[in-house]
Amino acid sequence: MQLIIGNKNYSSWSMRSGVLLRHFGIPFTERKLRFDFNPGSAFYAELARITPAGKVPVLVEDDGFAVWDTLAIAEYIADAYPQHTIWPQDARPRARARSLCAEMHAGFTQLRSLCPMNIEAPLQHLGPGLFAREEGLRGDLTRLGALIEDALRASGGPFLFGAFGAVDAYYAPVAMRIRSYGLPVSHVTANYVERLAEAAGVCEWVADALAEHDFVAEDEPYR
């Protein structure tokens, strides 16, 4: 399989699928398309050959079959590799894990827009001010903390549903945001963020992101 991704420093959506595949040691190759959001760019032209969605990530099988959207990719991987704990085994925890992924997929709009993922940039000085000024950001972080703390309380940890799974890969980009921007979170959430940052697949992704040294102005609102 080949995973088509964007810049690792910026592409939170790509990170979800890349971390999931890496954590479980599933064989795949990566192909990075450098972000360029100008109409008619090589980024959009190449994506158009692969998926009508025109977005990364895209998982492409050897025969050219393509799966796009991070939720669809997670489900496809779970079906193809049922031996891995990509979702919890029991029905109710599995449904709850999917609920957490779906809420992250569709929500947290203020956190996303005000704190775009930037693994490399030292932006810790910005988080407290953004938190103080932006009611929507405070609301997103409150909700995020409640989700994380409830899941850890129910499962006993160390990850959201015990063993590392799709939901943790899904929450890895928001963990990067919390770290990069120095966002204030509870002690429980902060500890989870650090455990997630130390997971092997996340560490590999972060190392690659730090090695990119590629500045994309559209993804750098604060620099």
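The values are calculated or read from the model by the stated rules, or taken from the named source; none is laboratory data. Please read these numbers as outputs of a predicted model, since none were measured by experiment. Cβ: placed from backbone, ideal geometry, glycine included. Neighbour counts: every protein chain shown.
Before moving on, here are some points about what is shown:
- Residue match in the range 142-158 (condition: within 17 Å of Gly182 (Cα to Cα), touching a residue at least 24 places away in the same chain (Cβ under 8 Å) and aliphatic (A, V, I, L, M)): yes
- Among strands (runs of 3 or more DSSP E) entirely within the range 1-103, having at least 2 residues that are of a type in the set (A, V, I, L, M) singles out 2-5, 58-60, 66-68.
- Subset of the range 183-196 that is assigned to a helix (DSSP H, G or I) and of a type outside the set (A, V, I, L, M, F, W, C) - its residue that is surrounded by the fewest Cβ atoms within 10 Å (Cβ to Cβ): His187
- Checking the stated criteria, Ala200 turns out not to satisfy the condition of being among the aliphatic types (A, V, I, L, M) and either touching a strand residue (DSSP E or B) at 6+ places or on another chain (Cβ under 6 Å) or over 13 Å from Val19 (Cα atoms) (or both).
- Selection status of Ala163, surrounded by fewer than 24 Cβ atoms within 10 Å (Cβ to Cβ), closer than 21 Å to Pro93 by Cβ and among the aliphatic types (A, V, I, L, M): yes
- Subset of the range 14-36 that is out of contact with any strand residue (DSSP E or B) (no Cβ under 7 Å at 6 or more places or on another chain) and either modelled with pLDDT under 95 or β-branched (Val, Ile, Thr) (or both) - its residue that is nearest to Tyr171 (Cα to Cα): Val19
- Scanning the range 197-223 for residues that are of a type in the set (Phe, Trp, Tyr) and either touching a residue at least 60 places away in the same chain (Cβ under 8 Å) or part of a helix (DSSP H, G or I) (or both) returns Trp205, Tyr222.
- Matching residues in the range 171-182 - criterion: being more than 15 Å from the chain's Cα centre (by Cα) and either farther than 19 Å from Arg138 by Cα or not in a loop (DSSP other than H, G, I, E, B) (or both): Tyr181
- From Asp168, Asp140, residue being under 15 Å from the mean Cα position of the chain (by Cα), part of a helix (DSSP H, G or I) and buried (at least 16 other Cβ atoms within 10 Å of the Cβ): Asp168
- Of Gly18, Gly64, Gly25, all but one fail to be in contact (Cβ under 8 Å) with a residue 12 or more places away in the chain and outside the structural domain of Gly139 (by TED's automatic domain parsing); the exception is Gly18.
- Breaking point among (1) over 24 Å from Arg94 (Cα atoms); (2) surrounded by fewer than 20 Cβ atoms within 10 Å (Cβ to Cβ), for Ser180: (2)
- Being among the aromatic types (Phe, Trp, Tyr) and closer than 24 Å to Leu114 by Cα holds for only one residue in Phe24, Phe37, Phe28, and it is Phe37.
- Of the residues making up the range 104-124, those that are surrounded by 12 or more Cβ atoms within 10 Å (Cβ to Cβ) and assigned to a loop (DSSP other than H, G, I, E, B) are Gly107, Phe108, Cys115, Pro116, Met117, Asn118, Ile119, Glu120, Ala121, Leu123, Gln124.
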